[in-house]
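Participant: Please see the structure below; I have some questions.
The values are calculated or read from the model by the stated rules, or taken from the named source; none is laboratory data. Here the structure is a predicted model, which is why all the values come from computation and not from measurement. Cβ coordinates were reconstructed from backbone atoms using ideal geometry, including for glycine residues, and neighbour counts include every protein chain displayed. Please note that ligands, DNA and RNA were not included when accessible areas were found on the heavy atoms of the full protein model with its side chains. Shrake-Rupley method; radii C 1.70, N 1.55, O 1.52, S 1.80 Å.
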Amino acid sequence: MAITHAVDIDAVFAASGDTRRRQLLVILAERGPMSASQLANNWDISRQATSKHLTILEDAALVHRHRDGREVCFGVDTNQL
């Protein structure tokens with residue numbers, strides 16, 4: 001159990017170690033769930049790059065995704081923080 005927990009903490013620190021991913025977390029925490037396209041509009045990077053950052057955050061359980069109609073929206077998972 002301790003090893004799994006340590007891996008989870010390592011994933012959280014690795015994912016939050018990038019400035020852009022921390023910015024994504026702040027935007028999602030302040031504004032609520034958004035799609036990758038909506039998030040990309042707040043930055044100077046593409047939707048594809050934003051999606052890659054979101055996947056890393058999701059793998060670390062810092063964000064979660066849910067479908068809202070045709071869009072996939074991402075929100076902050078406060079349980080991991």
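Participant: For the pair N42 and I9, how long in nm is the line joining their label points, each one 7 Å along Cα→Cβ?
Facilitator: A separation of 2.9 nm, rounded to one decimal place.
Participant: Additional query: Share of the chain's accessible area from carbon and sulfur, percent, 1.4 Å?
Facilitator: Accessible surface attributable to carbon and sulfur in the chain totals 52 percent.
Participant: So for the chain, averaging the separation of alpha carbon pairs under 8 Å that are six or more residues apart and normalising by length, what relative contact order in percent results?
Facilitator: In percent, rounded to a whole number, it is 32.
Participant: I would also like to ask the following. Suppose all protein chains stay in the model; what accessible area per residue would a 1.4 Å probe give for the chain, in Å²?
Facilitator: Roughly 65 Å² per residue, with all protein chains present.
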